[in-house]
Structure formats: structure tokens, C-alpha cells
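First up is the structure itself, then whatever we jot down about it.
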């Protein structure tokens with residue numbers, strides 16, 4: 001059974017909720033870039049745009065009923081050679097089919113691509129779309145889909161979707177890695193997100209993992225609860241393939257506390273959980289290892305109490321490595337982030353210090 005999730009709409013509206021999902025995909029989905037129809041400032045034009053900054057996603061409008069170029073051509077140019085990163089491409093069903101043919105013709109590659117498709121209601125000709133959209137691009141998209149979903153159809157003041165769209169036999173992108181479903185869904189409440197492939201499932205799992213783990217560890221109380229069953233066996237440290245210290249500080253005299261100290265802590269707090277230092281141990285390892293974590297999951301395998309250690313390390317590693325524009329283990333040429341100095345790095349922090 002395919003994995004599914006929801007994209008909340010509520011008061012946001014279709015376009016804003018879609019932009020929120022794309023922003024999340026860039027921030028948390030292990031995606032380096034997103035190719036998406038983006039509303040340009042000139043004449044309400046909507047063109048394929050390659051976005052890497054989540055804050056630049058505000059113009060995305062893949063639901064706009066306009067089709068100025070079959071973006072399979074663009075994806076072909078992006079993927080004919082290794083990208084050294086992963087790009088999600090938001091395409092209409094016919095664009096996905098064109099891309100599939102280009103792959104078969106050896107003009108494109110699937111290795112670095114996540115195909116994101118949407119249920120398609122068609123598009124106007126370029127000239128008719130400019131007339132339809134007028135001065136309100138986002139509003140016109142909302143109006144188009146409200147009419148289409150409510151059964152009023154796609155015709156508007158003497159114009160209608162193109163003949164090719166009317167003749168389309170495949171308006172649902174079943175061959176997409178991730179399908180965003182509109183048909184048969186209460187779009188005032190949510191959109192359906194469905195993973196059709198293992199590639200799509202991996203993205204969906206990552207999104208859920210980062211969201212759920214982040215929420216479960218947002219403050220010290222939640223983190224303490226998350227790690228409450230830790231017994232300081234250090235199995236996770238031993239099992240970690242990139243934890244390389246010959247002598248760990250946690251097995252030195254630093255944490256070999258005097259018996260009287262435990263009593264003092266218990267008196268001061270009224271009660272103290274034993275063994276102590278469990279949260280501090282994991283925070284230290286997170287600070288030490290998050291730039292090198294490759295997400296193999298052996299830490300969780302080794303835990304006798306089934307604490308989801310991998311999830312928290314994988315989540316923190318995602319954010320840490322993203323901050324340093326680094327992905328652990330991908331290339332021998334990439335220096336570990338904390339081993340080199342870049343003068344132009346983290347200017348937003350440096351500027352505040354001056």
C-alpha cells in the first residue's frame with residue numbers, strides 16, 4: 001500500500017499551502033533544489049524556475065492554468081550529466097511522460113531527480129491565460145480551481161483550456177515519485193500527498209522523520225523525556241562507525257562522580273534520576289558527530305531500550321550539515337566542516353559580532 005500524507009490547506013488557500021509544502025521539501029527533504037513553475041514579476045508570467053533558497057519559493061504557482069513550455073526539456077538539460085545533488089521537479093502529467101521518453105532516448109537521467117506531479121485540470125493558451133489572470137495571478141489560480149473542482153468547468157468569458165488538454169487521457173500523474181492529489185479531496189481542508197515509488201517514500205519518510213522528531217525534542221523537558229530510558233551503556237557510541245575518539249570523556253574520571261555528589265544533587269532537587277548525565281551524553285555526541293553522521297541507524301540497533309537514537313541524530317545531522325552546505329560521506333574531496341576555515345562563512349553571525 002502506497003504511503004500517504006496530507007498537505008494542510010485550511011485558511012491558507014491552495015497556492016500558499018502548496019508553497020509551504022515546497023518550502024518544507026527544500027528545508028527538510030534532503031533536496032538541493034526545486035524546479036517549479038514560478039510567477040515572475042513581469043506580466044504575470046509563470047515559468048520553470050530552479051530554486052535553492054526556501055525563502056525564494058513565494059512565487060511558486062504550479063496550479064496556474066498556463067503551460068508556456070514543456071519543462072521536460074529543462075529537466076533533460078539539468079540531468080543529462082550527474083548533478084552532484086538532488087533536485088525535485090514539479091511537473092504536469094504530460095511533462096513527466098515527455099521526461100520518461102527523454103530518459104529512454106538517453107537524453108536525461110533519473111538518478112538525481114524526484115518527480116513531483118499534480119492532478120491536472122488543463123491550461124489555457126498563453127494569450128488566453130494573460131487575459132484570464134489579469135492583474136491577480138494568485139487569485140486567478142484560486143478561481144480556476146474553485147470552478148473546476150465545483151463542477152462549473154474551465155470555460156471563462158469565451159475562452160477554455162487548450163484542445164490538447166481537453167483531449168488528455170492521463171490527467172493524473174501516476175508515474176510521479178510524489179503525487180499531489182486534488183481530485184476527490186476536500187481541498188478546502190487538505191491536499192493528498194502520495195508516494196508512488198521507493199524514491200517518493202524515502203522523501204516522505206524524511207519529511208515525517210524530521211517533523212516528528214523535531215516536535216518531540218523542541219525543549220529540554222521534551223528531550224529529557226525522549227531520552228528518559230537511556231542507561232548510559234554507551235552502545236550507540238561503540239556502534240557508531242564514525243565515532244573515532246580513542247578515549248571518550250564519558251568513560252574518564254570526569255564523569256566518575258563521588259558518591260556524595262549524587263546525594264547533594266538529590267537533596268538540591270528533591271529527586272534525581274539514575275544514572276545521571278544521560279541527556280548531557282547525547283547532547284555532547286550530537287555536537288561532536290552531527291557533521292559526520294551518515295544515518296546508518298546502527299546506534300538504534302545497539303540500544304537495549306529501543307530509544308529512537310537514529311531519528312534524533314539524523315534530524316540534527318540534517319540541519320547541521322545543511323548549515324555547512326555539506327553532506328557526510330559523499331565525496332573524498334569535501335573537507336569536514338569544522339576542519340577548515342572559510343572567511344565568508346556565516347556572515348549573518350559575524351556581522352552581529354562587529
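Where a number appears in this text, it was derived from the coordinates with a stated rule and is not lab data. On a predicted model such as this, the values are computed, not experimentally measured, just so you know. Note that each Cβ is placed from the backbone with ideal geometry, even for glycine, and that neighbours are counted across all protein chains shown.
A few comments on the model shown:
- Förster radius 35 Å - calculated FRET efficiency between residue 135 and residue 319 (Cβ-Cβ, nearest 0.05): 0.30
- Between residue 273 and residue 287, the contour length at 0.36 nm per residue exceeds the alpha carbon distance by 2.7 nm.
- Gain on full stretching of the segment that runs from residue 265 to residue 160 - 0.36 nm per residue minus C-alpha separation: 30.3 nm
- Alpha carbon centroid spacing (whole Å) that separates region 62-103 from region 246-260: 56 Å
- Projecting label points 7 angstrom from Cα along Cα→Cβ for residue 253 and residue 100 puts them 6.9 nm apart.
- Approximating the spin labels as points 7 Å out from Cα along Cα→Cβ, the residue 330-to-residue 107 distance works out to 2.8 nm.
- Per residue, the average separation of C-alpha pairs within less than 8 Å and at least 6 apart gives the chain a relative contact order of 15 percent.
- Acute angle (nearest 10 degrees) that the helix 259-269 long axis makes with the longest principal axis of the chain, alpha-carbon atoms: 50 degrees
- Between residue 147 and residue 183, the modelled label-to-label distance comes to 2.0 nm, taking each label 7 Å out from Cα in the direction of the beta carbon.
- Computed log₁₀ I(q)/I(0) - Debye formula, equal Cα scatterers, no solvent, region 302-346, q 0.15, 0.29 Å⁻¹: -0.52, -1.09
- Taking the inverse of the mean reciprocal distance over all distinct Cα pairs, the Kirkwood hydrodynamic radius of region 217-353 comes to 17.0 Å.
- Sorted ascending by nearby beta carbons within 10 Å, beginning with the fewest, 92, 80, 314 become 80, 314, 92.
- Neighbour-count order for 294, 312, fewest beta carbons within 10 angstrom listed first: 294, 312
- C-alpha long axis of helix 14-28 to longest principal axis of the chain, angle in °: 40 degrees
- Helix-only CD estimate at 222 nm, as mean residue ellipticity for the chain, using -39500 (n - 2.57) per DSSP H run (n ≥ 4): -11500 deg cm²/dmol
- Taking every DSSP bridge with both residues inside the chain, close to 60 percent are antiparallel.
- Taking 0.36 nm per residue of sequence separation and removing the Cα-Cα distance, the residue 343/residue 70 pair yields an extension gain of 94.1 nm.
- Rounded if a/c under 1.5, otherwise prolate or oblate - region 1-155, Cα gyration tensor axes: prolate
- Each eigenvalue of the Cα gyration tensor of the chain, multiplied by 5 and square-rooted, gives one semi-axis; in descending order these are 48, 22, 19 Å.
- Ordering 225, 260, 125 by the number of other Cβ atoms within 10 Å of each residue's own Cβ, fewest first, gives 260, 225, 125.
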